[in-house]
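All remarks here apply to the structure that follows.
The values are calculated or read from the model by the stated rules, or taken from the named source; none is laboratory data. Values in this document were obtained by computation on a predicted structure and should not be read as measured data. Cβ placement follows ideal geometry from the backbone for every residue including glycine, while neighbour counts extend to all protein chains displayed.
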Amino acid sequence: MEYQKNKESNRYNLQNYLAISAFNSVSTHEIKIKINGKMFFEKTLTKNKEHHLKISDYFDYGKPSTNTIEIIWNGDNEDEKKFLKIYKIVVNNQHILPHTSMITPIQNEYIKNLLSTEEGTKFYRKKIFNPGHHHGWYGTYSFRFLIDQMQMEDQRHVELIESTGITPTHITTDPNRIKYYKKADKK
């Protein structure tokens, strides 16, 4: 069998870094991180201890495209003191802002009761659209971003997003094109 050299470089095999902490005083809970639907990290956390996680590893994004990082947080029991804090998300030494997550809470009794009143629905929507970095609901926290947007073959998706007034996060693979204010410090 003849060895064939890959004609493409590894330029889309990018380093990812996440700094998060989680706490639940009454039960074990777990953090799963998926990138583009593939498991990137998974850990079960013990109860009554604040866990500080610093996750750093490479992921092959393959090509210029729209991408998603999902942080899935779930546990055995609810706890009014529980929290998930997302401090940093960094791809290829560039920040993805933690407050830009799209939240999909797990539909538990608390969420159902919250949505049963008009005041609760307003609070729910406010939290969904302005999440910040400190969270108290089990669920999926999604971050969408573009890698090398100008080289993407299909620009329709980008145009559709931008037509809604949403400015997508752009990540470049060329270290010389990273803007100073987007460069990450992983402390």
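Residue pairs, Cβ under 8 Å, 6 or more apart or interchain, first in the range 134-155 and under 10 Å from Ile103 (Cβ atoms) and crowded, with 17+ Cβ neighbours inside 10 Å, second at pLDDT 90 or above and among the charged types (D, E, K, R). List them.
As it stands, the answer is His135/Lys85; Thr140/Glu70; Tyr141/Glu70, since those pairs meet every condition given.
One residue is enough: does the range 108-129 have a residue meeting the conditions of a type in the set (Phe, Trp, Tyr), at pLDDT below 95, at negative phi and not in a helix (DSSP H, G or I)?
There is no residue in the range 108-129 that is of a type in the set (Phe, Trp, Tyr), at pLDDT below 95, at negative phi and not in a helix (DSSP H, G or I).
The rows are residues; the columns are (1) touching a Ser or Thr at 6+ places or on another chain (Cβ under 7 Å); (2) touching a residue at least 12 places away in the same chain (Cβ under 8 Å); (3) exposed (fewer than 13 other Cβ atoms within 10 Å of the Cβ).
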position	(1), (2), (3)
Ser27	no, yes, no
Lys32	no, yes, no
Gly37	no, yes, yes
Thr44	yes, yes, yes
Glu50	yes, yes, yes
Tyr58	no, yes, yes
Ser65	no, yes, no
Ile72	yes, yes, no
Glu78	no, yes, no
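How do the pairs read when you match residues in the range 105-126 that are within 27 Å of Asp76 (Cβ to Cβ) and free of Cβ contacts under 8 Å to residues at least 60 places away in the same chain with residues anywhere that are part of a loop (DSSP other than H, G, I, E, B) and among the hydroxyl-bearing types (Ser, Thr, Tyr), using Cβ under 6 Å and keeping only pairs 6 or more apart or on different chains?
Filtered contacts from the range 105-126: Ile106/Tyr138.
Select from the range 133-187 the residues that are aliphatic (A, V, I, L, M), closer than 14 Å to Val90 by Cβ and modelled with pLDDT of 85 or more and list them in ascending order.
Correct list: Ile147, Ile171.
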